[in-house]
Amino acid sequence: MAFDPGLAQLLRDDLAGEAITEKKMFGGLCFLSGGHMICGLHKGGTMYRVGKDSYAAALALPGVRPMLMANRPMAAMVTLSLEDSAEDAIRAPVLALALATVRALPPKVAKPAKR
């Protein structure tokens, strides 16, 4: 397993009451609402979709770094280390930004299944 199952449970608890689905992506586990990724787990910690408008605010929070893919920052995505992800006081404000971003998006329309 490429992610910490205990950390996955922390995020499930944080997202209790939200209409979420879980999907294995990026070699980890992602949490989605309306088809949009809110956050996810990877072997190095957690990642959050904070959006372009909240990106600078997220990076100003303790422990938050740009999410890198092939050493390039992913637009509107940030990450926390495993240690910081386990801290409620560090994880909560980043997750709040991610939830606000996704709540502002219209639900995705499901694509028909390929035959």
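Values in this text are rule-based calculations from the coordinates and carry no lab data. From a predicted model like this one, the values you see are computed outputs, not experimental measurements. A quick note on method: Cβ atoms are made from the backbone with ideal geometry, for glycine too, and the neighbour counts reach across all protein chains shown.
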How far, in degrees from 0 to 90, does helix 5-14 lean away from the longest principal axis of the Cα atoms of the chain, to the nearest 10?
80
Let me know the Rg and Dmax you get for the chain when you use only its Cα atoms, in Å.
13.6, 47
Just going by the charge dipole of the chain, with Lys and Arg at +1 and Asp and Glu at -1 on Cβ, which of 8, 63, 76 is farthest out on the positive end?
76
How would you order 104-112, 6-14, 80-88 from highest to lowest mean count of nearby Cβ atoms within 10 Å?
80-88, 6-14, 104-112
Considering only Cα-Cα distances, which of the following residue pairs are longer than 22 Å: 43/108; 23/111; 52/111; 52/114?
43/108; 52/111; 52/114
Using Cβ counts within 10 Å as a stand-in for footprinting exposure, how do 30, 39 rank, fewest first?
30, 39
One computes Rg over Rh for region 55-101 from alpha-carbon atoms, with the Kirkwood Rh, and obtains 0.95
